[in-house]
Amino acid sequence: MNPERREPDNREPESRAAKKERTRQALLDTAMDLSADRGFAGISLREVAREAGIVPTAFYRHFASLEDVGVVLVEESMRMLRQMLRDARRNPSTKDAATSLGILVRQVHTHERQFRFLCRERYSGVSEVRRAIATEMRLFVSELTIDLSRIAGLESWSSDDLEMAADLIVSTMFSAVVELLDAGTAGYRDEAAVITRAEKQLRVIMLGMATWNPPRN
């Protein structure tokens, strides 16, 4: 056999669109990795481009700015949290608290990097990223408010009361995410304690909803 003979390469050449998407994803992954230690405010466009293997000028073929990268990271990370909350809020009742938290724990374990990004950047120095997270959180509350209005016994509630209950549920779930990420480290509760506490909080909210008598105007 001729040692210089090469086997034919039957692989299809990568399309321009596929290559562009691969580079775009590399920029997103690189930005998230670099921000893990310094926060998103501590990284630069040139650094992200270099680590992703492109020149800085090529960056603008994919994103308008580094802040745009941060907003996309929020949207993609929030998509997972959104699905988790959708699963958790189906027909909310005291019996669903443990199931809801089970979904939460699995999501945090599976997508820890994304959840750490959200928790870290929610109050970071990059205003565009903060606003993106705040917008997504308000959207969660709005969606849950609509769902609650369709539950028997809550149809007489005002929109303000429904939104208040929705905000309590969403805030409790997000707080549980923050605690789960630090669970077991020095000075923090272990995971079982975090889950137990969050379940009690959800039960209190849901029991309160069942007995709440909205004031009549």
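The values are calculated or read from the model by the stated rules, or taken from the named source; none is laboratory data. In this text, all values refer to a predicted model and were calculated from it rather than measured experimentally. Reconstructed Cβ throughout: ideal geometry from the backbone, glycine too, with neighbour counts over all protein chains shown. Note: areas computed on protein heavy atoms with side chains; ligands, DNA, RNA excluded. Shrake-Rupley method; radii C 1.70, N 1.55, O 1.52, S 1.80 Å.
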Show the residue pairs that are 6+ apart or on different chains and have beta-carbon atoms under 7 Å apart, the first residue being within the stretch 22-36 and assigned by the TED database to the domain that holds residue 121 and within 16 Å of residue 129 (Cα to Cα), the second being buried (at least 18 other Cβ atoms within 10 Å of the Cβ) and charged (D, E, K, R).
none
For residue 43, the lone unmet condition from (1) at pLDDT below 95; (2) outside the structural domain of residue 198 (by the TED database) is (1)
Here are some conditions: (1) more than 18 Å from residue 36 (Cα to Cα); (2) of a type outside the set (S, T, N, Q); (3) within 13 Å of the chain's Cα centre (by Cα). Residue 101 meets all but one. Which one does it not meet?
(3)
Spot the failing condition for residue 160; the list is (1) in a helix (DSSP H, G or I); (2) under 19 Å from the mean Cα position of the chain (by Cα), and only one is missed.
(2)
Is it true that residue 203 is open to solvent by 60 Å² or more (accessible area, probe 1.4 Å) and either without any contact (Cβ under 8 Å) to a residue 24 or more places away in the chain or within 29 Å of residue 71 (Cβ to Cβ) (or both)?
no
Could you list all residues from the stretch 140-165 that are among the aliphatic types (A, V, I, L, M), in contact (Cβ under 8 Å) with a residue 40 or more places away in the chain and closer than 27 Å to residue 80 by Cα?
144, 148, 151, 165
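Rundown of residues vs (1) β-branched (Val, Ile, Thr); (2) in the same structural domain as residue 99 (by the TED database); (3) part of a helix (DSSP H, G or I), yes/no style:
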| residue | (1), (2), (3) |
| --- | --- |
| 166 | no, yes, yes |
| 170 | yes, yes, yes |
| 173 | no, yes, yes |
| 177 | yes, yes, yes |
| 184 | no, yes, no |
| 189 | no, yes, no |
| 202 | no, yes, yes |
By residue number, the members of the stretch 159-183 that are open to solvent by 50 Å² or more (accessible area, probe 1.4 Å) and over 20 Å from residue 98 (Cα atoms) are 159, 160, 163, 164
Whichever residue in the stretch 138-157 is in a loop (DSSP other than H, G, I, E, B), open to solvent by 20 Å² or more (accessible area, probe 1.4 Å) and of a type in the set (A, V, I, L, M, F, W, C) and, among such residues, is nearest to residue 105 (Cα to Cα):
151
